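Q: Before I ask anything, let me first share the structure, which is written out below as structure tokens.
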Amino acid sequence: MGTYFANPLLLWGGLAIAAPIIIFLLTRFRFRTVEWAALTFLQRAVKRQQRRLNLENLLLLLVRCLILLLFALALARPRAQARVETATDVRKNVVVAIDSSYSMAYQLGTDEEETAFERARRTAKEIVAGLEPGDRVMVAVFDEDVRSLYPSPREMNEEGRRDVLQDLDDAPEVRRSERGTDLSGLMASLPRLLTKFDLGPGGQPPPEGAQPLKKTLYLLTDCQRAGVLDDAGALRNPALGRAAKEIEALGTTIVLVDCGAEDPKNLTVTRFGTLEPVVGQDLPCHVEVSVKNWSAFAMNDLTVEYFVDGALTPQKVVSLSIPPGEERAPEPLRYIFKEPGPHRVEVQVRSDGLVLDNRRHVVIDVRREVRVLLVDGERGRTRVDNETYYLEESLKLAETDDGRGLIRPEVTDEGQLSARRLEEYDVVVLANVATVPDDAITALEAYARQGGAVVFALGGMVDLRHYNEELWRGGAGLFPTALGEMRGATYLEAQDDRDAPSWMMTVTDPRHPVAGIFATDEMVSWLKAPHVFGFFTADPAPPTKDLPAPQVPFRLVPRASDDGAVGGDRARSIDEGQPLLVERPFGRGRAAAWLTTIDWGWNNCVFHDGFYVPFWRQLVLDLTQRSRPALNLTIGDRHEQLLRADEYARVDVETPDGRREQVPVEKLDDQEGYRVLYPPEGEREALELSGFYTVHRAPAAGTDAAPPPDHFAVTIDPAEGDLAKFSAEELQTALDVPIRPIRHELVREVLVTQGGGAGASEFWRHALAGVIFLLVAESVLAAAFGRGRR
């Protein structure tokens, strides 16, 4: 039984027992002898009562001293650590699991450098040092992955102990990562480790029916609640409970060691990026940041700093205060980039002990222009009558007072499509094109595979059979869905027929970058205002091994008529929720289908500029950005970059910690160009450090100057910043298995024959109850003694 005090300095309060003793002694001798003849007659009676009076005084003195002692003991909060004893197997079989997620980087105090991870590492070393010869141990380090240091248990002889202690200091597996926590993954992998203790010396399985050896799992973590328990205390992943039951069945005692701060406060930068989907050269952009306060305390007078392109001084500094549990967005950074290409922007919030999530990085791909090729399938007698007229005018709207805009549309027809160099365009829009020539289909598919974006807008000129057989091809072609019949009427027919059906647009996937704009209260009325009178039906195929999942961010539903009916008699048999916009990845690019017209042929969208202009501009810019290689990644991703044959001689990647390594360049099959993949396949699984990475390319043969470096950024998962804790009692209730909590400084004291541990018991309540009882007893005794003396 290990005994200790939470507040040992308060034990000095026990010296207060000297006060009643001193008072007793002073009052006992505070009189002088006076001769009085009449007193001699009372001496005999006084002597008979003297012994009783002395006993009463001593008893009251003892009670008052005990009150002061017990009160000082209660303030010191005595605790005792119970121990689990067994008598069957003298060996201890121990598994030490160390949480290495980025929340373990929390600094445990303002005056000390130790982090929660360093405390967990130190505690693990104390466990290993406390094992005896013949004991066995395994070490696992976990975050979103589980890394085991040894394939089988290590025996604690002199060499084994020295090696394990050294590995806890130096092994690459025992490092604090920048990933999140996955306790479910750890628990699922533990049965495989625990069964190795039951194998024989040659690795043979135990005899049938043999009881598993007793084992102890030391779980060294910061007890982060997020991802384990919901607000009601239930498991977020039921598989965690099943794994815990399996671990218990293997004879394992789970010991929870909280290595985190008792009451952590933390802020996290949850979002960082530009308001604009694409940033243009010499055009203003707005870099926005959101910060969340996870703690139960207000965080005031925070400093938010924006840094651009590696500058040592911030471009902008703003102050911020965040109430408990809320998220706030400070004033954004308004900035104009003068040069095209990738630019680095970093935000830092100076606040708390977990520095890693107080900063965030983003690489902004600044574009000279966004080139869009509009293939017009229905040319009119005048430009206004062209199918693409309204789209062209919407895309080339000026964004500055001097008439400059980011999007540059160009119009052509399907006959000239094959002659165009499609790689020079960011997006190609085919508007009401009847059929696409075979050579143009081949060029469009090659363009999309290499990262281009193609949008099909339909209409009355479309050859349904050609689209299904040549462009869709059962999912192998560029068109993103199989087409059905044309439903409804044209705009002119609907004007002449008051019973003509009409459909309304709705958002079905608010997470989509374009649909999310119209999911807000301010924009939903603009979405519902236009009438769609005709469209092609479609049935997007479900994803398969070779066919990626489609996105349907917008659908059509029948619009209620003036008398409350839905779409009139002709619409009552039409199913609700017909797809309107269908997207699907194609190679490295994307293909989208708008299943009605982009002019006023089948709808009146062009007359509602509150919908038409932001929708098409946002769709074009979003496809432009999403079809390009991602420059902003998360921990666990890989960076991919495509290069032309004449752009490289050697490629190096510089990491956030200053390391620089050469990266192999891979020739793409059946394509002109090369691919850079970092980290390279077969070396490391994914990106592990957050921050800015720089891609250096050596000059190609015959060139004098190296091309400018490229950049990409890697960020952490902001959800890991929620440091709210679960208790051992909550975890035990949720898992329905015994959980033994111990303090990290007592792990060696609870190492016994099975390496077990039990919870710490506190006795301050017992001491306080004793104080109350003695106070009552003292009052009763003093009153009783006083009446007897009178």
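The values are calculated or read from the model by the stated rules, or taken from the named source; none is laboratory data. Just so it is clear, the structure is predicted and the values come from calculations on it, not from any experiment. Note that we place each Cβ from the backbone using ideal geometry, even for glycine, and neighbour counts take in every protein chain shown. These accessible areas exclude ligands, DNA and RNA; they are computed on the full protein's heavy atoms, side chains included. Shrake-Rupley method; radii C 1.70, N 1.55, O 1.52, S 1.80 Å.
Q: Of everything in the stretch 691-704, what is modelled with pLDDT of 95 or more and among the polar types (S, T, N, Q)? Give them in sequence order.
A: THR694
Q: If you check PRO708, PRO718, which single one turns out to be within 22 Å of ARG344 (Cβ to Cβ) and either at pLDDT 95 or above or open to solvent by 60 Å² or more (accessible area, probe 1.4 Å) (or both)? Explain how you work it out, then say what you get.
A: Details: PRO718 fails: either at pLDDT 95 or above or open to solvent by 60 Å² or more (accessible area, probe 1.4 Å) (or both).
Sole residue among the options that is within 22 Å of ARG344 (Cβ to Cβ) and either at pLDDT 95 or above or open to solvent by 60 Å² or more (accessible area, probe 1.4 Å) (or both): PRO708.
Q: Can we say LEU235 is of a type outside the set (S, T, N, Q), within 30 Å of ILE517 (Cα to Cα) and either in contact (Cβ under 8 Å) with a residue 12 or more places away in the chain or surrounded by fewer than 14 Cβ atoms within 10 Å (Cβ to Cβ) (or both)?
A: No: the conditions fail for LEU235.
Q: Among the residues of the stretch 588-617 satisfying the criterion of being of a type outside the set (Asp, Glu) and surrounded by fewer than 20 Cβ atoms within 10 Å (Cβ to Cβ), which is nearest to TYR678 (Cα to Cα)? Show your work before the answer.
A: First, the residues of the stretch 588-617 that are of a type outside the set (Asp, Glu): 588-598, 600-608, 610-617.
Applying the additional criterion that residues be surrounded by fewer than 20 Cβ atoms within 10 Å (Cβ to Cβ) yields 588, 600, 604, 607-608, 610, 613-614.
Details: ARG588: 17, TRP600: 48, ASN604: 48, PHE607: 48, HIS608: 46, GLY610: 43, VAL613: 39, PRO614: 36 Å.
The extreme case among them is ARG588.
Q: How about the stretch 126-183: which of its residues are in contact with a Leu (Cβ under 7 Å, 6 or more places away or on another chain), in contact (Cβ under 8 Å) with a residue 40 or more places away in the chain and within 30 Å of THR634 (Cα to Cα)?
A: Residues satisfying the conditions are VAL139, ALA140, PHE142, VAL146, SER148, VAL174, GLU178, LEU183.
Q: Right, next: Find the residue count for the stretch 197-227, including only residues that are part of a loop (DSSP other than H, G, I, E, B) and either open to solvent by less than 10 Å² (accessible area, probe 1.4 Å) or among the acidic types (Asp, Glu) (or both).
A: Qualifying residue count, the stretch 197-227: 3.
Q: Looking at the stretch 239-258, can you tell me whether even one residue there is out of contact with any Gly (no Cβ under 8 Å at 6 or more places or on another chain), in a loop (DSSP other than H, G, I, E, B) and farther than 30 Å from ALA210 by Cα?
A: Looking through the stretch 239-258, none of the residues is out of contact with any Gly (no Cβ under 8 Å at 6 or more places or on another chain), in a loop (DSSP other than H, G, I, E, B) and farther than 30 Å from ALA210 by Cα.
Q: Taking VAL291, is it among the hydrophobic types (A, V, I, L, M, F, W, C), in contact (Cβ under 8 Å) with a residue 40 or more places away in the chain, touching a helix residue (DSSP H, G or I) at 6+ places or on another chain (Cβ under 9 Å) and open to solvent by 60 Å² or more (accessible area, probe 1.4 Å)?
A: Values: among the hydrophobic types (A, V, I, L, M, F, W, C): yes; in contact (Cβ under 8 Å) with a residue 40 or more places away in the chain: yes; touching a helix residue (DSSP H, G or I) at 6+ places or on another chain (Cβ under 9 Å): yes; open to solvent by 60 Å² or more (accessible area, probe 1.4 Å): no.
For VAL291, the condition - among the hydrophobic types (A, V, I, L, M, F, W, C), in contact (Cβ under 8 Å) with a residue 40 or more places away in the chain, touching a helix residue (DSSP H, G or I) at 6+ places or on another chain (Cβ under 9 Å) and open to solvent by 60 Å² or more (accessible area, probe 1.4 Å) - is not met.
Q: Would you check which residues across the stretch 126-172 are part of a helix (DSSP H, G or I), of a type in the set (A, V, I, L, M, F, W, C) and open to solvent by 20 Å² or more (accessible area, probe 1.4 Å) and list them?
A: ALA129, LEU165
Q: While we're here: For the structure I just gave you, tell me whether ARG420 is open to solvent by 50 Å² or more (accessible area, probe 1.4 Å), of a type outside the set (Val, Ile, Thr) and farther than 30 Å from PRO330 by Cβ.
A: Yes, satisfied.
Q: Would you confirm whether or not the stretch 115-122 contains a residue that is more than 22 Å from the chain's Cα centre (by Cα), under 19 Å from ASN266 (Cβ atoms) and open to solvent by 20 Å² or more (accessible area, probe 1.4 Å)?
A: Looking for residues that are more than 22 Å from the chain's Cα centre (by Cα), under 19 Å from ASN266 (Cβ atoms) and open to solvent by 20 Å² or more (accessible area, probe 1.4 Å), one finds at least one in the stretch 115-122, hence yes.
Q: Filter the stretch 423-437 down to the residues that are touching a residue at least 40 places away in the same chain (Cβ under 8 Å) and surrounded by fewer than 20 Cβ atoms within 10 Å (Cβ to Cβ) and list them by number.
A: Answer for the stretch 423-437, where residues must be touching a residue at least 40 places away in the same chain (Cβ under 8 Å) and surrounded by fewer than 20 Cβ atoms within 10 Å (Cβ to Cβ): GLU424, ALA434.
Q: When you look at THR253, is it β-branched (Val, Ile, Thr), touching a helix residue (DSSP H, G or I) at 6+ places or on another chain (Cβ under 8 Å) and crowded, with 20+ Cβ neighbours inside 10 Å, yes or no?
A: Considered against the rule, which asks whether it is β-branched (Val, Ile, Thr), touching a helix residue (DSSP H, G or I) at 6+ places or on another chain (Cβ under 8 Å) and crowded, with 20+ Cβ neighbours inside 10 Å, THR253 comes out as no.
Q: Given the options VAL355, VAL349, VAL345, VAL372, name the one that is within 34 Å of the chain's Cα centre (by Cα) and modelled with pLDDT of 95 or more.
A: Only one candidate passes the filter, namely VAL345.
Q: Then there is this: Take the stretch 294-307 and flag every residue that is without any contact (Cβ under 8 Å) to a residue 60 or more places away in the chain and within 25 Å of the chain's Cα centre (by Cα).
A: Listed by number, the residues that qualify are ALA296, PHE297, ALA298, MET299, ASN300, LEU302, THR303, VAL304, GLU305, TYR306, PHE307.
Q: Quick check on ASP652: is it open to solvent by 40 Å² or more (accessible area, probe 1.4 Å), modelled with pLDDT of 90 or more and within 30 Å of GLN348 (Cα to Cα)?
A: It is false that ASP652 is open to solvent by 40 Å² or more (accessible area, probe 1.4 Å), modelled with pLDDT of 90 or more and within 30 Å of GLN348 (Cα to Cα).
Q: Looking at (1) outside any strand (DSSP E or B); (2) open to solvent by 30 Å² or more (accessible area, probe 1.4 Å); (3) of a type outside the set (Ser, Thr, Tyr), which one does LEU471 not meet, given that it meets all the others?
A: (2)
Q: With respect to LEU193, is the statement that it is modelled with pLDDT of 95 or more, at negative phi and not in a loop (DSSP other than H, G, I, E, B) true?
A: Against the criterion (modelled with pLDDT of 95 or more, at negative phi and not in a loop (DSSP other than H, G, I, E, B)), LEU193 does not qualify.
Q: Do any strands (runs of 3 or more DSSP E) lying entirely in the stretch 302-409 carry at least 1 residues that are open to solvent by less than 70 Å² (accessible area, probe 1.4 Å) and more than 24 Å from VAL606 (Cβ to Cβ), and which ones are they?
A: Filter on the stretch 302-409 gives 316-322, 333-336, 341-350, 359-367.
Q: Same structure, new question: Restricting to the stretch 480-536, name every residue that is open to solvent by less than 30 Å² (accessible area, probe 1.4 Å), over 16 Å from GLY601 (Cβ atoms), assigned to a helix (DSSP H, G or I) and touching a residue at least 12 places away in the same chain (Cβ under 8 Å).
A: ALA515, PHE518, LEU527
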